[in-house]
Amino acid sequence: RALREMARRTLVMSATQRVERRVTTVAPAAPSEDFVPNRAVHDARHREQLPGDPVRTEGQDSTGDETVDQAYEWLGVTFDFFEQAYRRNSIDGAGLKLVSTVHYGREYANAFWNGRQMVYGDGDGELFLSFTGPLEVTGHELVHGVTQHTAALEYYGQSGALNESVSDVFGSLVRQWHLRQTADEADWIIGAGLLGPDVNGVGLRSMKEPGTAYDDPRLGRDPQPGHMDDYVETYRDNGGVHINSGIPNRAFYLAATALGGHAWEKAGRIWYDTLTGDAMKPAIEFAAFAAATIDTAGRLYGAGGAEVRAVQKAWSGVGVEP
Ligand code: ASN
Ligand code: ZN
């Protein structure tokens, strides 16, 4: 009964979040027009009150606080990525202001999107370092905002794992784009450099080999599956949203490496058009999402093309039958 109550409360929470979703009817800007970010970084000064004191707004100089300046910088890179790769103007496609709060709480070992803004903890300095460090963490959190304004994937079970997965996909792509890496050159790690120096691990998650990111007595072992055979049924973590996301994460990795070159160009375009397209439903599950990516690949690159085959093979590689 307690577990069912927990699940129900989570669903109610996501329903309230859905109310906040704003549907934009703004016409796309002409291709020659440049989008400009509007950033604001706040300092929570180790309290848990949001948004905290404004410390750096758009166009202002470095503050000298490495954490503040890193958050500001990564917001800019993520904004530029969406503009350059997909011609998207910010989170909502209509220039939404990007707000981040840093130094949240004491030894707070997470980062999150609260429906309106990003929030970063400093970590405990031992197991976790500052969450403003890895670019793909900022990308991940900001994409929760993109998903909220587009597919609005419910944060529970398979749709929740897809919500987590698309945040990892575009989070990783922001970093790959920033470093101009090809799919083969990328490490496909989420949270690279986030773990303390004597933690046995390379980051929070591996899209390439889910379940192998860390194995440490203090943290336990990375619980992610990379195939439907190992799908985890649980009431924890909103029905395993950060666990089963390993499955669609690996499907994306397989598609991107099969297609080769820069992952944001073809595989990323297929996933982006799927996420922002008409076939999405808030409660969509893996199989229907897979089918939608195959349809998108056909529409973009031709129904009988290598792209469609690569995407089909990627999903069958993780045991998802569209
Ligand atoms: N970093 C986590 C995420 O973005 C925080 C959370 O689970 N709410 O998914
Ligand atoms: Zn997330």
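The values are calculated or read from the model by the stated rules, or taken from the named source; none is laboratory data. Computed from a prediction, not measured in an experiment: that's the story for all the values here. Because the Cβ atoms are built from the backbone with ideal geometry, glycine has one as well, and the counts that use them run over all protein chains shown.
Assorted remarks:
- Of the residues screened, ASP187 is one that is surrounded by fewer than 20 Cβ atoms within 10 Å (Cβ to Cβ), in a loop (DSSP other than H, G, I, E, B) and either within 14 Å of the chain's Cα centre (by Cα) or free of Cβ contacts under 8 Å to residues at least 24 places away in the same chain (or both).
- Residue within the stretch 279-296 that is modelled with pLDDT under 95 and touching an Asp or Glu at 6+ places or on another chain (Cβ under 8 Å) present: yes
- Taking the listed residues THR234, THR257, the one that is within 19 Å of TRP188 (Cα to Cα) and hydroxyl-bearing (Ser, Thr, Tyr) is THR257, with no other qualifying.
- Selected residue [closer than 24 Å to GLN49 by Cα, of a type in the set (D, E, K, R) and outside the structural domain of LEU194 (by TED's automatic domain parsing)] from ASP80, ASP65: ASP65
- Any hit, the stretch 287-302, residues being part of a loop (DSSP other than H, G, I, E, B) and more than 22 Å from the chain's Cα centre (by Cα): yes
- Selection of strands (runs of 3 or more DSSP E) fully inside the stretch 56-163 by the criterion of at least 3 residues being within 16 Å of ligand 2 (Cβ to nearest atom) and closer than 16 Å to HIS42 by Cα returns 111-113, 118-120.
- Qualifying position, being under 14 Å from the mean Cα position of the chain (by Cα), crowded, with 22+ Cβ neighbours inside 10 Å, near ligand 1 (Cβ under 10 Å from one of its atoms) and not aromatic (Phe, Trp, Tyr), among VAL137, VAL146: VAL137
- Filtered residue count, the stretch 44-68, keeping only those that are of a type outside the set (Lys, Arg) and within 23 Å of GLU107 (Cβ to Cβ): 15
- Matching residues, the stretch 284-322, being of a type in the set (A, V, I, L, M, F, W, C) and surrounded by fewer than 14 Cβ atoms within 10 Å (Cβ to Cβ): ALA303, ALA306
So that you can scan it fast, the table gives a plain yes or no per residue for (1) touching a residue at least 40 places away in the same chain (Cβ under 8 Å); (2) within 16 Å of ligand 1 (Cβ to nearest atom); (3) not assigned by TED's automatic domain parsing to the domain that holds GLY115:
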{"site": "LEU129", "(1), (2), (3)": "yes, yes, no"}
{"site": "TRP177", "(1), (2), (3)": "yes, no, yes"}
{"site": "THR182", "(1), (2), (3)": "yes, no, yes"}
{"site": "LEU194", "(1), (2), (3)": "yes, yes, yes"}
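- The lone exception for VAL311 - which of (1) farther than 23 Å from VAL143 by Cβ; (2) assigned to a helix (DSSP H, G or I) it fails: (1)
- In the set ASP278, ASP273, ASP222, only one residue is charged (D, E, K, R) and closer than 15 Å to ALA85 by Cβ; that residue is ASP273.
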